[in-house]
Amino acid sequence: MGNNEWGNQTTKIWLGIAIGAAIGVGIALSRRKPQSRWDSAREIGRRMASRSEDLSDSARDIMERVRNIYEEGRKVVEEAGELWSHGRKLVSAR
């Protein structure tokens, strides 16, 4: 068996696997019950309900980060105001 014959056999095997997989997927899809719009809406509702805890945890984390950013920003503004007033006192003292 030469190198070209082996490549031909490998190609035939992979082609057979691909055709078998395509037929299997086709049969599985054809036996599946089509969903109505109401079924789709119910499924979305179930997904949201099952993930609502994750969503609320993420929202809480985001709000904590925003609060921390706000607090740090407020501290920076206060310190800048103190520096400004201290600088004005130094300039007016001269």
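Within region 4-29, how many residues turn out to be aromatic (F, W, Y) and modelled with pLDDT under 80? Matching residues across region 4-29 total 1.
Residue pairs whose Cβ atoms lie under 6 Å apart, sitting 6 or more positions apart in sequence or on different chains, and linking a residue in region 68-94 that is surrounded by fewer than 10 Cβ atoms within 10 Å (Cβ to Cβ) to a partner that is in a helix (DSSP H, G or I) and modelled with pLDDT of 90 or more, do not occur here. Between R47, R51, R65, the distinction of being among the basic types (K, R), part of a helix (DSSP H, G or I) and at pLDDT 85 or above belongs to R65 only.
Look at R32 and say whether it is of a type in the set (K, R), at pLDDT below 85 and loosely packed, with under 10 Cβ neighbours inside 10 Å. Write out each step before concluding.
On the way: of a type in the set (K, R): yes; at pLDDT below 85: yes; loosely packed, with under 10 Cβ neighbours inside 10 Å: yes.
Yes: the conditions hold for R32.
The values are calculated or read from the model by the stated rules, or taken from the named source; none is laboratory data. Note that this is a predicted model, so its numbers are computed, not measured. All Cβ positions, glycine included, derive from the backbone under ideal geometry; neighbour counts span all protein chains shown.
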